[in-house]
Every structure is written in C-alpha cells, then in structure tokens.
Amino acid sequence: MNNQSKYYSVFPKIVPANRQSLISVKPMFPHRAFKKDGQYEVLCYPVDYCKNGSKHDKCYEFHKYVKDGTLYIKGYFEGEQEHIIYISEKTQDGKREIGVFNVYSLEEDLYNRRPYKGDMHIHSFYSDGLESPAYVAACCRKIGLDFMAVTDHGLYSPSIEAQQAFEGVDIDLKIFRGEEVHPPENPVHIINFGGSFSVNDLFKKDENAYREEVYEIERIIADEIPEETERHQLASSIWCFDKIRQGEGLGIFCHPFWRVHDGYYISTLLTKYMYEKQPFDALELIGGYHKHEIESNTLQVASYHEERAKGRKIPVVGVSDAHGCERGELFGWYYTIVFSPTLEFEDIRDSIKSCYSVAVESVPGERKMAHGEFRLVKYALFLLREVLPQHDEICYNEGYWMIEYLKGNSEAKAQLEFLKGGVDKYYSLCWGSMFE
Ligand SMILES: [Zn+2]
Ligand SMILES: [Zn+2]
C-alpha cells in the first residue's frame, strides 16, 4: 500500500475468483472526492502474469462510475491471485496518479473461510511463565490474536482459569482449554489444544493403567520399530495423541528440533518415525525459539518440506511458547493463521487438521514470514500486508480493556461491550458480497 492510498477506504479487499466484483474506493477527505465528470483510468494487473518494465502480459481496464464522491470499479478477477489496481485521473497535461490498491481473488473453498490468528502454546505462572492465565489471554488480544489457550507444563486447570476470569463479560477473543503433556519416561512434548479433559491427569491418577496401555501399543509396533527407546517413546506419544482425540482436542507434536545442550531433545530417528506414523494432528512447524535458537525453526521447515515431497499431508501450526508476555521476546513472534469458516473450536480444529493453516514468524524488526503450503503462504503474505494490520488495531483496543477489566476498572465492561464484533464488522467489509 502506498502512502496516498491510505487516504481511501477500499472494500472489498477479497473477492471471489473468476467472477465480476464491484469495489468501492471512498476518499477520507472531501478534497479527494471523485468528481462526477472526472476522467479516471482504472488499470488492473493480475500478479500471476509477468510484467517487464512497462510491458505487461495482461492488463485490464476496468469499468467505473462515480457516486457521491466515491469511485466504483467493476471488474472480472481471474484465478486465485493478487491484483494491483492503479487509479489515475486524466488531466490536460497527462495523468495524475491517485493511488495503487491491492485486491485478492480466491477460489470458493478459501473465499468462504476467514483468517483467524491464534497461539495454542503459551505458559502462565502456574508453570514457568510470569503472569496469570487471564493476563496472558488479555495480552494475546492486545497483539491481535483471535484465539488462544494457556498450555502450562503438566497442568490443565490454568486454561480453565483464563476462561473463568472473563465469564462476566462478552469478549471476542476465544479462550480455549489446553495443557502441555509430559508423559512419564517420554521426553516428547505434546500440546493438548482444546481437549475436554486433562491428559496429564490420566497418568498422574493411574500410572499403572497408562503403562499397560503403552506396553500394548509397543507390542503392536514392535516389528516396525526395532529400537527399544524410540519404540517406547513413540508408543507413549501415540497413547497421548489418542487420548487428546478422545477429548476432541487437537494434538500437537512440539518443537522436534529443539536443541538442549549437545543434542536435540528427542532423537532424529524418533522424529522420522513420528513423520512416518503421524500419530499427531498438527506439527509445530514454527516453535517458540529465541534468536540464538532460530536454527531449530529452519530445520523444522526444511524437514516439513522434505516430508511433504514424499506425498505426506502435514497440518501445521506456529506458536510462541512464550513464558511471559512482558519479557520483550517470543510473545507475539510466532503464531498460526487458520483459515476457518468460523472461530468456533470445532471449525478451528478441523481447519487445521485439513491443512488450512500457516505458521507465521513476526520477529520485531524482521520481515514477516509465513510457512506452509504454497497457495496459503501466497495468500497469507497478502493478508499480513493488506488486511491484518487493521484487524490487529481492532484487537488491541479489546486487549487493552480486558487488562483494565482484570484491574477492576468499572468502565471496562461497557467498553468491551461497545467494542464487541469489531473484527466481524471489518471482515464483512473486507470480503463483501457485491456480485454482479
Ligand atoms: Zn515444550
Ligand atoms: Zn511449552
């Protein structure tokens, strides 16, 4: 978006592919109003066609008309891609540029979904974080997340506490349940995201039953996994992921290339078996690594692409694994964008499982990056540039008042009610449905 373009509201920003759409370009200030008798030129370049200097394989001149100072553009948006729209006014001595605007056209499956930002791996002071679960939730809203879950080590109840803290007020942030699961004698870290019961509690309450069931799984996979250590660890992980699914949660395989001292926290042989058996529902493609640990994310991305090249479908998430929202690191650096029909848990979970998500890196001062399937990454980069900044501003306000609510500010409840539905309203403008 160029600076001039900021003085215009352009909606919708997302249109259906291979159809006509009507886009309105509304100036913010009266001196920029479009004139009824103005001579405007609207040129549209679909980015999938190459542009060499001034020569472009494809350029459409769009129909347009002016009504009440707003310019309406009617055009056909071909395929799934970004379109750059140049608007200028013909003057006596040539052309005056008015603005450059970006629109994205989508195939129906993706068009009918909305991008929701979330972090499903984050800690509170109940394990080794710094703040209360409720404070963590409010901070998540402040940085532009639509959903989150507190996932403390071995503990499920902090995630419930985060939900309960906001029971008295209607907020848009979805707070889901969760925990980081640490089964006995198995180093693999596993996230239970949104499951209806604690998996940690199962082996805490009855370790014998756990051992018997894991032993049974070990017996079944014995032929495939000759190594005793990896066999036990894989069997225990399969047990955990099964239990998470019984609770209708999403089981996440955490940070496979996390380097602890002189080696990865689990053997690469185990990671190989994990990819082969895929007992998990989603892979932490981008994990919460500090800057000196960033190699681990690079390895995760490389191994993911290699596994995909073998024909595997691998659902992915990006998470901050933050242990404090005010430390100035990790929190907000990594998250997931899920393309989901709604923000309800079932839709978020099923969208991730059917590979409608990307993992995002948003380290301050560095270029934002999205990782996952090509089609989704291409679209996510557009969203990060053109749509999500305004989404995040709306969330910030709600997050601010959520913290005030926790502090006991008597105005907070009314403010939160007033802000309710902000993202929905913005999204309905961004998508619109002005078919011709
Ligand atoms: Zn962990
Ligand atoms: Zn963690």
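Annotation note: of SER303, SER320, the sole residue that is over 30 Å from CYS395 (Cβ atoms) and hydroxyl-bearing (Ser, Thr, Tyr) is SER303. Residue-level check: of (1) buried (at least 19 other Cβ atoms within 10 Å of the Cβ); (2) touching a strand residue (DSSP E or B) at 6+ places or on another chain (Cβ under 7 Å); (3) farther than 26 Å from TRP258 by Cα, CYS240 misses just (3).
Looking across region 253-270, just one residue is exposed (fewer than 14 other Cβ atoms within 10 Å of the Cβ) and within 15 Å of ligand 1 (Cβ to nearest atom), and that is VAL260.
The residues on offer are SER127, SER157, and the sole one that is within 15 Å of ligand 1 (Cβ to nearest atom), among the polar types (S, T, N, Q) and within 22 Å of LEU202 (Cα to Cα) is SER127.
Would you mind stating whether LYS90 is touching a Phe, Trp or Tyr at 6+ places or on another chain (Cβ under 9 Å), in the same structural domain as LYS35 (by TED's automatic domain parsing) and either within 24 Å of SER340 (Cβ to Cβ) or of a type in the set (Lys, Arg) (or both)? It is true that LYS90 is touching a Phe, Trp or Tyr at 6+ places or on another chain (Cβ under 9 Å), in the same structural domain as LYS35 (by TED's automatic domain parsing) and either within 24 Å of SER340 (Cβ to Cβ) or of a type in the set (Lys, Arg) (or both).
Only one residue in VAL42, VAL136, VAL103 is within 16 Å of ligand 2 (Cβ to nearest atom) and surrounded by 18 or more Cβ atoms within 10 Å (Cβ to Cβ), so which one is that? Break it down into steps so the answer makes sense when it comes.
Working: VAL42 fails: within 16 Å of ligand 2 (Cβ to nearest atom); VAL103 fails: within 16 Å of ligand 2 (Cβ to nearest atom).
None of the others qualify; the one that does is VAL136.
Mind listing just one residue for me: the one in region 112-124 that is surrounded by 19 or more Cβ atoms within 10 Å (Cβ to Cβ) and more than 16 Å from ligand 1 (Cβ to nearest atom) and, of those, nearest to the chain's Cα centre (by Cα)?
The initial filter retains those residues of region 112-124 that are surrounded by 19 or more Cβ atoms within 10 Å (Cβ to Cβ), namely 114-124.
After this cut, where a residue has to be more than 16 Å from ligand 1 (Cβ to nearest atom) as well, the list is 114-118.
Values: ARG114: 10, PRO115: 7, TYR116: 6, LYS117: 4, GLY118: 5 Å.
Selected residue: LYS117.
For region 378-397, a residue qualifies if it is within 26 Å of HIS305 (Cβ to Cβ) and surrounded by fewer than 16 Cβ atoms within 10 Å (Cβ to Cβ), and exactly one does: ARG385.
Scanning region 183-213 for residues that are within 16 Å of ligand 2 (Cβ to nearest atom) and over 27 Å from GLU344 (Cα atoms) gives PRO183, ASN186, PRO187, VAL188.
Table: residues versus (1) free of Cβ contacts under 8 Å to residues at least 60 places away in the same chain; (2) closer than 24 Å to SER5 by Cβ.
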{"residue": "ALA33", "(1), (2)": "yes, yes"}
{"residue": "THR70", "(1), (2)": "yes, yes"}
{"residue": "GLY75", "(1), (2)": "yes, yes"}
{"residue": "ASP109", "(1), (2)": "yes, no"}
{"residue": "ARG113", "(1), (2)": "no, no"}
{"residue": "VAL136", "(1), (2)": "no, no"}
{"residue": "ILE143", "(1), (2)": "no, no"}
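Any idea which residue in region 222-257 is nearest to SER296 (Cα to Cα), counting only those that are assigned to a helix (DSSP H, G or I) and charged (D, E, K, R)? For region 222-257, the residue satisfying everything is GLU230. Checking the structure you have, find out if any residue of region 156-177 is farther than 28 Å from CYS395 by Cα, in the same structural domain as LEU343 (by TED's automatic domain parsing), within 14 Å of ligand 2 (Cβ to nearest atom) and in contact with a strand residue (DSSP E or B) (Cβ under 9 Å, 6 or more places away or on another chain). Looking for residues that are farther than 28 Å from CYS395 by Cα, in the same structural domain as LEU343 (by TED's automatic domain parsing), within 14 Å of ligand 2 (Cβ to nearest atom) and in contact with a strand residue (DSSP E or B) (Cβ under 9 Å, 6 or more places away or on another chain), one finds none in region 156-177, hence no. In region 349-364, the residues that are within 18 Å of LEU381 (Cα to Cα) form Cβ pairs under 9 Å with partners that are at pLDDT below 95 and part of a helix (DSSP H, G or I), at six or more places apart or across chains, as follows: VAL363/LYS291.
Applying the set (1) surrounded by fewer than 19 Cβ atoms within 10 Å (Cβ to Cβ); (2) touching a residue at least 12 places away in the same chain (Cβ under 8 Å); (3) under 28 Å from the mean Cα position of the chain (by Cα) to GLU207 leaves exactly one unmet item: (3). Between LEU234, LEU202, LEU250, the distinction of being buried (at least 22 other Cβ atoms within 10 Å of the Cβ), of a type in the set (A, V, I, L, M), out of contact with any strand residue (DSSP E or B) (no Cβ under 6 Å at 6 or more places or on another chain) and touching a residue at least 40 places away in the same chain (Cβ under 8 Å) belongs to LEU234 only. Within region 18-47, being under 12 Å from ILE98 (Cβ atoms) and part of a helix (DSSP H, G or I) holds for one residue alone: ARG32.
The values are calculated or read from the model by the stated rules, or taken from the named source; none is laboratory data. Because the structure is predicted, anything quoted here is derived from the model rather than measured. Neighbour counts are summed over all protein chains in view; Cβ atoms, including those assigned to glycine, are modelled from backbone coordinates with ideal geometry.
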